[in-house]
1. In nm, to one decimal, how far is the Gln193 label point from the Val261 one, both placed 7 Å along Cα→Cβ?
2. For an R0 of 22 angstrom, estimate the FRET efficiency from the Cβ-Cβ distance between Gln154 and Ser72 and round to the nearest 0.05.
3. What accessible area per residue comes out for segment 66-215, rounded to a whole number of Å², with a 1.4 Å probe?
4. Could you work out the equivalent-ellipsoid semi-axes for segment 126-170, taking the square root of 5 times each eigenvalue of the Cα gyration tensor, largest first, in whole Å?
5. Once you have the Cα-Cα distance between Lys244 and Thr269, take 0.36 nm times their residue separation minus that, and quote the gain in nm to one decimal.
6. Expressed in nm to one decimal, what extension gain is obtained for the pair Asp217 and Asp120 from 0.36 nm per residue of sequence separation less their Cα-Cα distance?
7. How much net charge surrounds Leu250 when only the other residues with a Cβ under 9 Å from the Cβ of Leu250 are counted, with Lys and Arg +1 and Asp and Glu -1?
8. Please compute the modelled spin-label separation between Leu64 and Thr146, points set 7 Å along Cα→Cβ, answer in nm with one decimal.
Amino acid sequence: SRPSRNYYCLTMILALFCLLLLAGAASAQTYYDYSLQGTQRCALINIAMDESGSMFTEQKFLKLVALPAIVSALQAPANGFHHVFVCSNGFGNPPSNTGVDADGYRFLGCSDGLDPAILDWSRSLSGTHEDGYTALTKSIDRVPATIDGVDLAQTCRTMERNIILVSDEDRDHHRAEAHVTQAIVRDKIQDRQYIANLIVNVYIGDIDASNLGMRYDYNASVQTALAQPPDQPFYPNEILVAVKHAKGTLDGNYDMVPFVVAPYTRYLTNGQGNTVADYAPLIENTPGAIWSIQTLRRGILLGQPELSMAFANAFINVKICEIINCIRPPEAGGDPHITTWKNGTYHGLHFGFFRFSPSAVSSL
């Protein structure tokens, strides 16, 4: 009948109008321009997580252990942050999935504080393209201008920025994104003043060693965009190692051992493909660090909770120190300018922010 046809047409017009409104809202998303015009102290932790099927353990480590500890420490009154923002991104997804770009990247969300809902990384069994380069650049570019109602530019006077990439693959570049070169990624990290930490598939030192992470070739005389003020410590060349008891068993602590023999690449071995060549140069001559996903897995999957505990203690405390510029919080009668990395000889953050027991990581 004519009324039915008219009703059908009206319904279709309304549906089309709603679709256009939704499309307009999506295209109207504004991204943070990294300006600072406010009055408050802020921190931004940005995660780019490999979502391929082999990443279950590392996803749980970030979600259940590392990020809750880091955010909780930064929110402590002694550290003086008004806002600690967390942004979550994934890569390595099939492009056919909803919300996934052609290169496998997707944006999961941001929160003021830690919202576990944005850390709901998937585990795609395909892992077609784990393009860490575009994941890093897009994670940096797609931070929303407003997070949980807070306008970043208008609110923040300072913002400590830290980006974490986690992947067990080398750079699997998608043909449409081959133009995103290593130099472009380095420039993006430095231009936006991030400190980068890469948990990737490398061995540090001997393959059987219990080495956790490494930083290298940061020249204190080179004042880059990431250089800290002159009264702050610069990071030397050092390897973070799991500490052993006198009898050779691990105790869950860690230490920092300087190395002096160049080049740093002699201490790094590929755990998969061309990981060293793809990722190690991204943090060269920066305050960032590279971490061994092999060591993390060994501790969790092979039943060595003390090794997992050492990794957790090292990673979490290093991240906290990077974000607060490695200044020890004032203590009663103490010197507020004592630094945790003084002359590269500080051992194990014994005054510590967090100290995990084996049970805290054995359930992963």
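The values are calculated or read from the model by the stated rules, or taken from the named source; none is laboratory data. No experiment lies behind these values; they were computed from the predicted model shown. Note that we place each Cβ from the backbone using ideal geometry, even for glycine, and neighbour counts take in every protein chain shown. Protein only, heavy atoms only, side chains kept; ligands, DNA and RNA dropped before computing areas. Shrake-Rupley method; radii C 1.70, N 1.55, O 1.52, S 1.80 Å.
1. 3.9 nm
2. The calculated FRET efficiency here is 0.25.
3. 37 Å²
4. 29, 12, 8
5. 6.7 nm
6. 31.4 nm
7. -1
8. Roughly 3.6 nm, to one decimal.
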